[in-house]
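Computed from the coordinates by the stated procedures, all read-outs in this text should not be read as laboratory data. Note that the structure is a prediction, hence the values are computed from the model and not measured. Glycine also receives a Cβ, built like all others from the backbone with ideal geometry; neighbour counts cover every protein chain displayed.
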Amino acid sequence: MLLSHGAALLAPRPDASPPQARRGILVGGEIARASGLGEGARLMAGALRQLGVPCWEIEAGVPIPGEVTSELPGEIEGELGPARPSRAAPSAAPLVLHVNAPLLPAALLRMPRRLVHGRRVVGYWAWELDVAPPSWRVGARFVHEVWTPSRFSAAALETLAPGRVRVVPHPVAACPPAPAALS
């Protein structure tokens, strides 16, 4: 909680009024991390590419000390460094961040400010209980809207960002994940 409030003081805030979104989508999150948030970001990026929507990826998770990430094409191998897109995204492309609300300010703090200013910023969050915790309020100040995979999550998150929550399911039908090879 101290990390999120401290980072919130320094993190770049998106423009007060959301700019028009156009020219593809910049997908950020734990792209190289084996996590639900990482898988959600990878699914979104894969589905966008499959549908022909211009898409750029950015590693935007908050690093865990000593963590070594998996190798991904076009990404930096090894310890997580500063957040940067794998290739340049146009300034009008919205930024969709698959980073939980309390860590969102810290993730934004790692990004170049040009990736936040002049863009529509969307938080892609999921919450599995019927009430979102107060610690998630800090993230709502840094997004124009919140996307969530279910109506249940939307009901819990609506208290944090009234009128700014949309249900956007994970695109598993457009880009199904490959099953794990189990012995």
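Overview of values
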{"item": "Summed residue charge, Cβ within 14 Å of Arg164's Cβ, Lys/Arg positive, Asp/Glu negative", "result": "+2"}
{"item": "Whole-number percent relative contact order across segment 106-183, with pairs defined as alpha carbons under 8 Å at least 6 apart", "result": "26"}
{"item": "Segments 134-144, 109-119 sorted - mean Cβ within 10 Å per residue, highest first", "result": "134-144, 109-119"}
{"item": "Counted charge near Leu26, where neighbours are those whose Cβ lies closer than 9 Å (Asp, Glu -1; Lys, Arg +1)", "result": "0"}
{"item": "Relative compactness, segment 110-183, computed as alpha-carbon Rg over 2.2 N^0.38 Å", "result": "1.34"}
